[in-house]
């Protein structure tokens, strides 16, 4: 048995709040943190590899996984199904690895309500202001005006669910936010439920105590 059970780390935010950048920084800080590989029913795009970018499934296989509780969370988006397979996540946390999820509030809620919910750490990132959020989206240079407007419109719905997360951080400085994330993860790893060897250690202490009496 490992000294530590892994965490399911959920990182959510509106688009442009720094979630992807901070997720990469966490991985650089501790390579034992692994990204959750989602399953999808859409076809693989050029350059995408099964098991690395996504677990590509047929709709029948995906629905079968959902029906047998094989998905920690799932959603139907733009005509395709997406979800987080349970088996690889369970294997990872049993091996003491933390699994990082880049998902929205609905997926976060499903995971918290799952059988693995007690091992979940959920963190929501807020932008310092709405004008700053818009500026960041524009400065990325990835989207046209229509897409940016759509992302901004969706951002408030995402922000409105901030209260359902364990921790909420205002990301007004990437370096400072990264340090706070490291502190939160380090502390949460020490929760009693994350240390499966504690029970045996206390039993050993009890036996030693009785030997002394």
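Bear in mind that the values in this text are calculations on the coordinates, not laboratory data. The shown structure was predicted, so the numbers you read here are calculated from the model rather than taken from an experiment. All Cβ positions, glycine included, derive from the backbone under ideal geometry; neighbour counts span all protein chains shown.
Take residue 73 and decide whether it is farther than 21 Å from residue 22 by Cα, crowded, with 17+ Cβ neighbours inside 10 Å and touching a strand residue (DSSP E or B) at 6+ places or on another chain (Cβ under 6 Å).
Numbers: farther than 21 Å from residue 22 by Cα: yes; crowded, with 17+ Cβ neighbours inside 10 Å: yes; touching a strand residue (DSSP E or B) at 6+ places or on another chain (Cβ under 6 Å): yes.
Against the criterion (farther than 21 Å from residue 22 by Cα, crowded, with 17+ Cβ neighbours inside 10 Å and touching a strand residue (DSSP E or B) at 6+ places or on another chain (Cβ under 6 Å)), residue 73 qualifies.
Only one of the listed residues (26, 22, 11) is crowded, with 17+ Cβ neighbours inside 10 Å, under 15 Å from the mean Cα position of the chain (by Cα) and assigned to a strand (DSSP E or B). That residue is 11.
Please enumerate the residues belonging to region 141-177 that are under 17 Å from residue 10 (Cβ atoms) and assigned to a helix (DSSP H, G or I). Of everything in region 141-177, those that are under 17 Å from residue 10 (Cβ atoms) and assigned to a helix (DSSP H, G or I) turn out to be 158, 159, 162, 163, 164, 177.
Answer yes if at least one residue in region 93-106 is more than 16 Å from the chain's Cα centre (by Cα) and either surrounded by fewer than 17 Cβ atoms within 10 Å (Cβ to Cβ) or within 30 Å of residue 197 (Cβ to Cβ) (or both), and no otherwise. Step through it out loud before you land on a result.
Restricting attention to region 93-106, the residues satisfying the condition of being more than 16 Å from the chain's Cα centre (by Cα) are 94-95.
When the remaining residues are screened for being either surrounded by fewer than 17 Cβ atoms within 10 Å (Cβ to Cβ) or within 30 Å of residue 197 (Cβ to Cβ) (or both), the result is 94-95.
Yes, the conditions are met somewhere in region 93-106.
For region 195-213, a tally of residues being out of contact with any helix residue (DSSP H, G or I) (no Cβ under 7 Å at 6 or more places or on another chain), surrounded by 12 or more Cβ atoms within 10 Å (Cβ to Cβ) and either free of Cβ contacts under 8 Å to residues at least 40 places away in the same chain or within 18 Å of residue 101 (Cβ to Cβ) (or both) returns 0. Please name all residue pairs, on different chains or six or more residues apart, with Cβ atoms under 7 Å, provided the first residue is in region 19-42 and is more than 30 Å from residue 58 (Cα to Cα) and the second residue is in a loop (DSSP other than H, G, I, E, B). Listed by first residue and then by second, the contacts come to 26/33; 27/33; 32/97; 32/98.
Could you grab me the full set of residues in region 108-140 that are closer than 22 Å to residue 86 by Cα, touching a helix residue (DSSP H, G or I) at 6+ places or on another chain (Cβ under 9 Å) and assigned to a loop (DSSP other than H, G, I, E, B)? If you could, list the steps in order and put the result at the bottom.
So the first thing to find is which residues in region 108-140 are closer than 22 Å to residue 86 by Cα, and the list is 108-123.
Remaining after also requiring touching a helix residue (DSSP H, G or I) at 6+ places or on another chain (Cβ under 9 Å): 108-109, 111-112, 114-123.
The answer is 114, 115, 116.
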